[in-house]
Each structure stands twice: as C-alpha cells, then as structure tokens.
Amino acid sequence: MKKVRVLIVDDSPTIRGILTRVLGADGEIEVIGAAGDPLEAREAIKTLNPDVITLDVEMPKMTGLEFLEKIMRLRPMPVIMVSTLTQAGAAISLEALELGAFDCVGKPEFDGLPEKVKAAARARIRPHGERIRPAERNANYRPGNKLLAIGSSTGGVEALLTVLSSFPQNCPPTVITQHMPPVFTASFASRLDRICAPTVAEATDGAPLLPGHIYIAPGGEQHLEVQGGTQPRCRLRQGPPVSGHRPSVDALFTSVAQQFGRRAVGVILTGMGRDGAAGLKLMHDAGAATLGQDEASCVVYGMPKAAFEIGAVDKQLSLGAISNAALELCAIENKVRT
C-alpha cells in the first residue's frame, strides 16, 4: 500500500520532532519534510507535493489561517490544523475549519492524529469559495411537535453551518452532537448563535427543549441525551465513551428513539467511523423519519455510509437539500411516517 506523504509545518523544532515521531510510528505514513514557517512550506509543497499537511495555527511571517486560505484557494489539499486547546486557539481553529481545513488536533497530545492524517488523504477537499450555499429561510415556517436530532464529526463544522444558517427563528427544538474537544464546543455554539436566526447554545443539564433553540453537546466527560414527558429537557450524563466517543451521537440518538419515537427526525452528517449508525437505526425502527448526507457532498463518507448500509436512513440527500427536508419533516403540516 502506498504510504500517505505528510509535510509538517510548525515554527517549533520541538513540535516538529514530536509530530515526526508520532506520525512516523505509523507504518502507513511517511513524513517527507518539515518547514518552520509558511514561506518555507510554500517551497516544500512545490518540491515535495505532499498528500497531507499539518499546519500550526500561530507562526511567524504569516499566520496559519492566512496560509491556509492561500492553500485552499490556489492549491487545495488536505490540511490538519495543530492548535493549543485554549479559547483563542479554538476560535481560530473553527475559522480554519470554515476555510476548508480537514480537522484540528490539540497540542501537545495530538490525539488520533495518525488516523486523521490517513482519513484526510482520502477526503474530498473543495477549493475555498466553493462552499455549498445554504437554502433560503422560510419566513412562514410553523414547527410541529417534533424533535430534530443531528449527529456529525469530521467536516461537520462546515456542514452544520450550511444546514443551520437557513433555519428560521422558530425552528423545531434541535439537539446536536458534533465530535469536538471540550473548549471548542462553546466557541462553536457562540459562532452559530451569531450566524443563525434561532438561539444556539451549549446544552446544559435540565435545559427545556423549546422551538427556536438549538442545543450543542458540550465536549468532554458527558453525553448529551434527552428526556421526554410534559416538558422535554436536555440531559447531560456522565459515562464512558460510546462507540468510541464522548459525547456520542449513538448516545444522543438512542435516547431520542426511546423518549420521542416517531415524534422525532434524525439526521446524520459527514464524519469518520460508525458513531450514530446504530442509534439512528433505533430511531428509524421507533418510527422516526431519518436522513443521511450523500457521499458526493461529504468530506468523509463514514458515519452516513455506516448508517445507510444497516438500513437506518430513509433518504440520502446532498448537504444543500438536508435543511429544507428536515424542516419539512418537523413542520406542523407533516404527519408521522407510517
């Protein structure tokens, strides 16, 4: 098998050495070079033609964001951002994901970096400026009594921005699990809240599930689940990882299936692995309508593919079509699936 060829771009010799060891320990990856700043990196890209780049966020001569924008505009390729896990680092990393970075990893742990590098080499990378346009908002939208649950991972920042930016102010109550480090989710929720018409916030334990509100699972030690009853609420539950993740899409979807049954709609978006597939199947079998992102519009067709292959998805749609389809399924005029 051909090895994935990686160029490391970081101004710290120590970090370059650590990244070289971490990636070089994987037999399917070859570190072909390293650069201390974007100017060196530009020449290395021309000379070495790497499959994947790891790119530091903060560097001299040109910031990682500025260099990333040039890469995605002039020579699109998979880029994994390397960032300190601080509030400032999280905000910059989210900007990078919007610009087209494949994923972000935190210093100094670099959790899951080899697997992300190998997935990045197989990903669909769109040039900057070719982002899928959101659908038009429906000013006359009337939500019914449905709950909307969404799961996503790699590529999910761009996907969720596309889907949620067209939601009306009175959207159905929406719960989302997106795989992210703890400090990222608060920044992401704030970013969505500024862009979207509904209120977007990190979920808190006991928060009522209300129309016009979108709840993002906080990263860290808890799973986002839901409770039914006369006043449905968010529930944050301590526990081990589910399907390899915490928070887990499977944990969210399973609770939605149990508490809401056919009074729910499930959507699974781009992401690596299988998290969410089993939970979406439970939702489907409980009578909920289910949608999956199609292969052509996914950055990584992993989670949606796994869900589709086990019969958990009623319909696969392009990213640009998912927002309207999910809203229609949750609208007051719609009846439950029979």
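Annotations for the structure displayed:
- If you go through region 1-25 and keep only what is surrounded by fewer than 16 Cβ atoms within 10 Å (Cβ to Cβ), of a type in the set (D, E, K, R) and either touching a His at 6+ places or on another chain (Cβ under 6 Å) or not in a helix (DSSP H, G or I) (or both), you end up with LYS2, LYS3.
- Criterion violated by ARG237 - all others in (1) within 16 Å of LEU209 (Cβ to Cβ); (2) surrounded by fewer than 19 Cβ atoms within 10 Å (Cβ to Cβ); (3) in contact (Cβ under 8 Å) with a residue 24 or more places away in the chain satisfied: (3)
- Residues in region 208-239 that are at pLDDT below 95 and not polar (S, T, N, Q) were compared, and the one that is nearest to the chain's Cα centre (by Cα) is GLY219.
- Any hit, region 174-189, residues being more than 16 Å from the chain's Cα centre (by Cα) and surrounded by 19 or more Cβ atoms within 10 Å (Cβ to Cβ): no
- Residue satisfying condition, being over 16 Å from the mean Cα position of the chain (by Cα), closer than 21 Å to GLU158 by Cβ and either assigned to a helix (DSSP H, G or I) or in contact (Cβ under 8 Å) with a residue 60 or more places away in the chain (or both), within set ALA296, ALA278: ALA296
- Tallying residues that are in contact with a strand residue (DSSP E or B) (Cβ under 6 Å, 6 or more places away or on another chain) and in a loop (DSSP other than H, G, I, E, B) within region 182-208 yields 5.
- Filter result for the condition that a residue is among the hydrophobic types (A, V, I, L, M, F, W, C) and assigned to a helix (DSSP H, G or I), over ILE53, ILE92, ILE80: ILE92
- Among the residues making up region 66-98, those that are surrounded by fewer than 19 Cβ atoms within 10 Å (Cβ to Cβ) and closer than 23 Å to ALA44 by Cα are GLU66, GLU69, LYS70, ARG73, LEU74, ARG75, PRO76.
- Those residues of region 71-91 which are modelled with pLDDT of 80 or more and either over 17 Å from ASP103 (Cα atoms) or within 16 Å of the chain's Cα centre (by Cα) (or both), in sequence order: ARG73, LEU74, ARG75, PRO78, VAL79, ILE80, MET81, ALA91
The values are calculated or read from the model by the stated rules, or taken from the named source; none is laboratory data. Model, not experiment: these values are computed from the prediction. With ideal geometry, Cβ positions are generated from the backbone for all residues, glycine too; neighbour counts draw on all protein chains shown.
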